[in-house]
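Please treat every number below as a calculation from the coordinates, not as lab data. Source: prediction; values computed, not measured. Cβ coordinates were reconstructed from backbone atoms using ideal geometry, including for glycine residues, and neighbour counts include every protein chain displayed.
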Amino acid sequence: MQRDEQLLPQQWYQQALAAGFVADRAQQQAVEVLHNSAQLLAAGAGAQASVYLWGPVGRGKTWLMDNFYSGLQVPARRQHFHHFMSWLHQRLFQVSGRRDPLQLIASELASEIRVLCFDEVFVNHIADAVLLGTVFEALFAADVCLVMTSNQAPEQLYADGFNRDRFLPAIAALQQHMQVVSIDGGQDHRLHPAQQEQRYFVRQPQRLRQLFCELGRGQLRAGPVSLGRRQLHCHGHADNVLWCDFAQLCEQPFSAADYMVLCDRFALLLLGQVPDLHDQNNVPAIARGTEDAAVLVQAGERRLPQISRKDDAVRRFIALIDECYDRKVLVYIEAQVPMDALYRHGALEFAFRRTLSRLNEMQRRDFGS
């Protein structure tokens, strides 16, 4: 996509500071790297302009990447990492039977864009881990510039994953071709004072009913809603608002792709009866020799991270909030416990930190504007 006006990173960062943004040395260092990347791209460079931004939640990684993307004057695509993986699996299905399908897909991308921006790179599935090594190498070989954000350094990705050695080529490609920048200025910018609008309620189910009547503007309908190939049973819906319970949206077999459909259709989500997601009854598990697709892997006996019977629903909740945050969908939640007590510790504690930070930001009045 061509932009009408190029604003280099150092220029828009100075404008942000002048408008009241809090100065952050770690961000300033990242801006310098992005500024150099933008200049390299303007001079005709490709893969050598690649940048990997990582750090704890709330440090401004997405904000930095989005501003960088907005100022580009070359063909580019910006996607949440979940969206890219969903697209990749779909495209692989479409070209199944073709020789070297991943190389083919990378060549197609390289013919359309010069820059690919990923937000929130996080790998937790062996199938994705195996694909990414080939895809990253192919994109770099095609001279595509990658700009990524993540809560983890490249060497930390998929750290405890099954058959992690099959992901090591992807890590090596990132380290070889990208300038890796740590952004940890010690402050979570989402917690800076701002006008608040309460969108998280504890044990107040009547608030969602009131909000539904207000936000639905009298265009209320009953009956299930289609999300992909599944039906979501809900309390009601209108043209722009959906009201349902956690059990229906996160304890049923919906996927990240289904949540994308939800955000395509609704601008507001009312999610009720969110339980305490912490479960003390974690189950230690031992895995013995597992088949990975068509390749038999001799894995031996190993202890897996402790899991909870609630963790499948927690994974869906994380994916749901990620999608709503990325798409600026307002989420109103009625829960059984305060926000900071939703998920206290467990196998998904690291991933849930981002969710908690995003839920906090969603309480800002200007969120979504």
Worksheet item: Which residue, SER86, SER96, SER357, tops the fluctuation ranking in a GNM of the chain built on C-alpha contacts under 10 Å?
Response: SER96
Response to the item:
Residues meeting the amide H criterion for GLN204 (H placed from the backbone, H to H distance under 5 Å, 5 or more places apart or on another chain) are ALA335
Worksheet item: Along segment 39-44, what does the Karplus equation 6.51 cos²θ - 1.76 cosθ + 1.60 (θ = phi - 60°) give for ³J(HN,Hα), rounded to whole Hz, x for Gly and Pro?
Response: 5, 4, 5, 5, 8, x
Worksheet entry | For segment 103-154 and segment 225-245, distance of Cα centres in Å | 33
Worksheet item: HN-Hα J couplings of segment 245-259 from phi, Karplus 6.51/-1.76/1.60, θ = phi - 60°, integer Hz, Gly and Pro as x?
Response: 9, 4, 4, 6, 9, 10, 9, 9, x, 8, 10, 4, 5, 5, 5
Practice prompt. Calculate the all-directions average of the projected area of the chain's alpha-carbon convex hull, and give it in nm².
Written response: 19.8
Worksheet item: In units of 2.2 N^0.38 Å, what is the alpha-carbon radius of gyration of segment 9-182?
Response: 1.04
Worksheet item: Over segment 9-182, what is the relative contact order in whole percent, taking alpha-carbon pairs under 8 Å and six or more residues apart?
Response: 31
Worksheet item: Hey, what number do you get for the chain at 222 nm if only DSSP H runs of n ≥ 4 count, each worth -39500 (n - 2.57), divided across all residues, to the nearest 500?
Response: -12500 deg cm²/dmol
Practice prompt. Pick out which of GLY20, GLY60, GLY133 has the largest mean-square fluctuation in a Gaussian network model of the chain, springs linking Cα atoms closer than 10 Å.
Written response: GLY20
Fill in: Amide H within-cut-off set for LEU232, under 5 Å, with H built and near neighbours excluded
VAL225, SER226, LEU227
Item to complete: Tell me which residues come under 5 Å, amide H to amide H, from VAL180 once H is placed; ignore anything under 5 positions away on its chain.
Response: TYR52
Worksheet item: If you check each cysteine of the chain for another cysteine whose beta-carbon is under 4.7 Å away, which ones come up empty?
Response: CYS117, CYS145, CYS213, CYS250, CYS263, CYS324
